[in-house]
Amino acid sequence: MKLIYRTAYMNKLASAMGTPDIKVITGIRRCGKSKLLEAFADQIRASFPTANIIRINFNLLEFEPLMQYRALHDYVEKHFVEGCNNVVIIDEVQMCEGFEKAINSLHASEKYDIYITGSNAFLLSNDLSTLFTGRTFEVEVFPFSLAEFAQYHEITSPDEALTRYLREGGMPGSYLYPDERARFVYISDVLDTLVLRDVRQKYRIRNAEQLKRTCEFLMDNVGNISSLKSMAAALSQAGLKMNDKTLAAYIDHLCDAFAFYRVRRFDVAGKKYLSTGDKYYLADHSFRYAKLGTRRLDFGRIYENMVAIELMRRGWEVYVGVLYQKEVDFVAAKQGQRLYIQVSDDISQESTFEREITPLRKIRDAYPKAIIAKTGHETTDWDGIKVIDLGRWLMGQTGEFDA
């Protein structure tokens, strides 16, 4: 498989090298976590030729004897080299029974720089503090961004890249398949493994159909404000009865496994978070097409999904803005900064442009405000509100709201 250099993640890993933390690479299945660690190991070898890299990949049969924590621990200790920078890199660590005991012991010895990755359902962000007694440094990896997609396919035009990315998405393993149908079969299988195997196995879910239908409902309603009550009612009308508590648990599991991202609402005028009416965005929009088909592409919602995930990828906290009964697509926050963003498919009609810009004009503070849409033009300014081309922004060519 063709590899690209994923600069932001590599820099983040490099910044943590040598710290006493356990470095944990998380993210949805098949988004490139193992290949990222492979590239990072190569970078270490090139920069520090004397480093001793102890690499274990539990996907490979040769490491099957290590699938018990004592065997894993003893293998690493056996390969320790005195006087060197000893780097331990383990892929699919959850396949080792009791892996946390081995990792905690190796970390406590203060002899190793430890990097691990594993199944997203078994190595959750919420579980890290209980799994590991030492500090952890989490690097969350997303599917390919538009910029990475363009780099992989050697596309320079933002418009061409966006047109293809809209249909093909950011799951790099799918790029090996020659046609759209084959790609969607691959992507569908990845989601089935995530939902029907990993999540069911971890949480011992008996009713697979309920979990599957919950996932499909969230995909079909990506970017819509939804309450548990309304979702349960909609699923009941479709013939799938489920109480609010069960539905809430399924949604939590899907979000914990990085299939979806929950975005809360923020009252812009009252400067407070709202407890109801969340939105949900897919880790990658290609899952929706693979599972629900492409007859209803719904560009506006998919572009909104792209922007939400890109903001998260760049390190922003993302919320839905509420202002006097109006909605602002995103309020993004990071280190004391704040952004207000509207996303639109097409603002060439004056009525559409006015609809998008009006909520932004009503916000009275001085934080940056922007409309991100498929304009095909360079960034313009309308009374302090920027109008930014979607493709150029996703490609990182505008200089606006970078990581």
How would you rank 151-157, 164-170, highest first, on the average number of other Cβ atoms within 10 Å across their residues? 164-170, 151-157
Check which residues have an amide H placed less than 5 Å from T26's amide H, if you skip close sequence neighbours. V139, E140, V141
Going by average Cβ neighbours within 10 Å, how do the peptides 72-79, 393-400 rank, with the highest at the top? 393-400, 72-79
With r as the distance between the Cβ atoms of D402 and R45 and R0 = 22 Å, compute the FRET efficiency 1/(1 + (r/R0)^6) and round to 0.05. 0.15
Taking 0.36 nm per residue of sequence separation and subtracting the Cα-Cα distance, how much length would be gained by fully extending the chain between A234 and R135, in nm to one decimal? 31.4 nm
Under 16 Å Cα-Cα from K202, which lysines qualify once same-chain neighbours fewer than 8 residues away are excluded? K212
For the range 77-208, just run the numbers: alpha carbon Rg, then divide by 2.2 N^0.38 Å, N being how many residues it has. 1.37
Quick check: net charge around V190, other residues with Cβ under 10 Å of its Cβ, Lys/Arg +1 and Asp/Glu -1? -1
Helix 180-192 axis, angle to the chain major axis (alpha carbon atoms, nearest 10°): 70 degrees
Quotient of C-alpha Rg and 2.2 N^0.38 Å, computed over the range 184-234: 1.25
In whole angstrom, the spacing between the Cα centers of the range 225-303 and the range 109-180 equals 22 Å
With the cut-off at 28 Å, tell me which of the pairs K326/K386; K279/K362; K229/K362; K291/K326; K23/K245; K2/K369 have Cα atoms farther apart than that. K229/K362; K291/K326; K23/K245; K2/K369
Using only the alpha-carbon atoms, how far is helix 208-220 inclined from the longest principal axis of the chain? Give it as 0 to 90 degrees, nearest 10. 50 degrees
For the range 360-403, the percent of accessible surface on carbon and sulfur atoms (probe 1.4 angstrom, ligands and nucleic acids excluded) is 47 percent
Can you pull the percent of the range 6-81's accessible area that's carbon plus sulfur, 1.4 Å probe, other chains left in place? 53 percent
Pull out the extension gain between E154 and H377, defined as 0.36 nm times the separation in residues minus the alpha carbon to alpha carbon distance; nm, one decimal. 78.1 nm
Could you calculate the contour length gain from Q337 to D298, that is, 0.36 nm times the residue separation minus the distance between their Cα atoms, to one decimal place in nm? 10.9 nm
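The values are calculated or read from the model by the stated rules, or taken from the named source; none is laboratory data. Not measured: the values here are computed from a predicted model. When we count neighbours, we look across all protein chains shown, and the Cβ atoms used for this are built from the backbone with ideal geometry, even at glycine. Keep in mind that these areas ignore ligands, DNA and RNA; they rest on the heavy atoms of the full protein, side chains included. Shrake-Rupley method; radii C 1.70, N 1.55, O 1.52, S 1.80 Å.
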